[in-house]
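Here the structure is laid out as structure tokens; the discussion comes afterwards.
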């Protein structure tokens, strides 16, 4: 497929928020886990941490909470709640996703996924949504050093 003078060889997708409408589920999961640990979560802090890997998320939370905040425990609990939600409710697809993926495959273009999400959870979400078959390359947040907004994940994905 040509766009102007350039031939497109690869299309790289992000997962949460672009392919899957997971932000409401992850917000619900954060709220539940913070409540369990008797902590308050403001919308501001949640919004600031959307799409970040675990390390960067903890950095955001450390700006607002002292050392008594149980970062690791709350993140672990949040992910457990989130995984239970997607197993019971399904992975909410963004409108038009399947049609777009089909169209790209019909054009015989390579499709890659670059996500901050860990490999295990990514594979679960791709499996539950039935979208894993479309991707030629998948790069996950636990396979790189520098998380978004650093471009490392996209550069690594394009290289592969």
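Take each peptide in 86-92, 151-157, count the other Cβ atoms within 10 Å of every residue, and average; sorted highest first, the result is 151-157, 86-92. Nearest 10 degrees is fine. How inclined is helix 54-64 to the longest principal axis of the chain, computing both from alpha carbons? The angle comes out at about 40 degrees. Look at the alpha carbon pairs under 8 Å that are at least 6 residues apart: their mean separation over the length of segment 23-89 gives a relative contact order of 48 percent. Between segment 1-79 and segment 88-126, the alpha-carbon centres lie 18 Å apart. Mean residue ellipticity, 222 nm, helices only, the chain: the sum of -39500 (n - 2.57) across DSSP H runs of n ≥ 4, divided by residue count and rounded to 500, is -15500 deg cm²/dmol.
Report the Rg/Rh value for segment 50-135, based on alpha-carbon coordinates and the Kirkwood definition of Rh. Can you show the working numbers first?
On the way: Rg = 16.4 Å, Rh = 15.2 Å.
Using only Cα positions, Rg/Rh for segment 50-135 is 1.08.
Would you calculate the separation in nanometres between label points at residue 84 and residue 158, each defined as 7 Å from the Cα along the Cα-to-beta-carbon direction? Distance between the two pseudo-spin positions: 4.2 nm.
Using only the Cα atoms, what convex hull volume per residue in Å³ does segment 91-140 have?
In segment 91-140, the Cα hull volume divided by residue count equals 70 Å³.
Starting from a Cα-only point model with no solvent, please compute log10 I(q)/I(0) by Debye for segment 23-89 at q = 0.22, 0.27, 0.29 1/Å. Result of the Debye calculation: -0.92, -1.41, -1.59. With respect to the chain, whose longest principal axis is taken over its alpha-carbon atoms, helix 119-129 is tilted by about 70°.
Tell me the relative contact order for the chain as a rounded percent, counting alpha carbon contacts under 8 Å between residues six or more apart.
Numbers: 188 pairs, mean separation 46.2, N = 160.
Relative contact order for the chain comes out at 29 percent.
The numbers here are math on the coordinates, done by the rules we state, and not lab data. Computed from a predicted model, the values in this text were never measured in an experiment. Don't worry about glycine lacking a Cβ; one is built from the backbone with ideal geometry, like all the others, and counts go over all protein chains shown.
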